[in-house]
1. Using 1/(1 + (r/R0)^6) with R0 = 45 angstrom and r between the beta carbons of residue 172 and residue 77, what's the FRET efficiency to the nearest 0.05?
2. If I stretch the segment between residue 92 and residue 149 completely, what's the gain in nm (0.36 nm per residue apart, minus their alpha carbon distance), one decimal?
3. If Rh is defined by the Kirkwood formula over all Cα pairs and Rg also comes from Cα, what ratio Rg/Rh do you get for segment 41-158?
4. What order do you get for 95, 153, 121 when you list them from fewest to most C-beta neighbours inside 10 Å?
5. With N set to the residue count of segment 115-172, report its C-alpha Rg divided by 2.2 N^0.38 Å to two decimal places.
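Each reported figure results from applying straightforward, stated rules to the coordinates on display, with no laboratory input. This one's a predicted model, so the numbers in the text were calculated from it and none came from an experiment. Here Cβ is always computed from backbone atoms with ideal geometry, including for glycine, and neighbour counts include all displayed protein chains.
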């Protein structure tokens, strides 16, 4: 019979990891909300600096949580960097959909609602296709368990961001 005995230190470390995860996800969410305001008031390079900082924080979080060996890290980070660039491109599309919805939600026609929903579903399909495309690349450099762990971390961050968005986006 297996028991779950955790030391106070292990529980504190796990709590700190989840707190860090939440902080990263909330920061990403805040960047999505802040893009229109920042782009109107400050130069475009300011937003780029904020995004780079968030990417670095996320990368640090992934590194800490995954605890790669030297050889795993050597294979993982190049794949991760390219993957994150593609994810970022999808994030830009997602942000554009949110902006469109924000502009139209109070006066949205049935056709506009159908278009936005269609765009969202296409976005989700493209996201899933990207995740599937990179799975064999990650499997080439990490064990199956480590790849699953990494995908769990990515999914947790995504779900926290989605939760925050859902809480703040009004219904039609």
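1. 0.60
2. 18.0 nm
3. With Rg and the Kirkwood Rh in hand, the quotient comes to 1.06.
4. 121, 95, 153
5. 1.41
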